[in-house]
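Bear in mind these aren't lab numbers, they're just calculated from the coordinates by the rules spelled out. Nothing here was measured: the structure is a model prediction, and the numbers come from that model. Every residue, glycine as well, gets a Cβ built from its backbone with ideal geometry; the counts of neighbours run over all protein chains shown.
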Amino acid sequence: MKKYSSDQILLCKDICIYLRTLKGADILHLYEIFEERAYGDSFKGTIIDVGASNADSSIYFAINGAERVISLEHFPESYELGKINVSINKLQNKIELLPFALSERDDKIPIFIYLHHQAFYPLKEIEYLQHIFWVHTL
């Protein structure tokens, strides 16, 4: 285990993943994906990973048979962490990480982040709003 910043650690076994420790659910996702194998054991063809977060699931798909993974992650912090994780695992030739959200239309939509945790609520305002940012959709 190695620190990346004050709220991130690097976990390595067969692959390495930087994850957040003070917000979000990165550690829970890691357990669900790699230990419980919630998405299955083997994959073929192209996988589309919508809401890729730190690219943990994208990496899982790529190392378990997917020839190509197209990953969408709209939240800038998660997207940047995902780029690092794809790179340190040398999977740029299999994983294409894109900074978009999925929508019924090609547009730009507002995303609201709740103050007390990193939950995302598209298209509606919430009490105790921390931050609004606009994301491109596909």
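Here are a few things to note about the model shown:
- From most to least packed by mean Cβ count within 10 Å, the peptides 50-56, 18-24, 7-13 give 50-56, 18-24, 7-13.
- Label point distance in nm, Trp134-Tyr39, each placed 7 Å from Cα along Cα→Cβ: 3.1
- Mean Cβ neighbour count within 10 Å, used as a protection proxy, ranking 41-49, 64-72 highest first: 64-72, 41-49
- For Thr21, nonlocal amide neighbours, meaning residues 5 or more places apart or on other chains whose placed amide H falls under 5 Å from its own, are Gln8, Ile9.
- Least to most buried among Tyr31, Tyr60, Tyr79 (fewest other Cβ within 10 Å first): Tyr31, Tyr79, Tyr60
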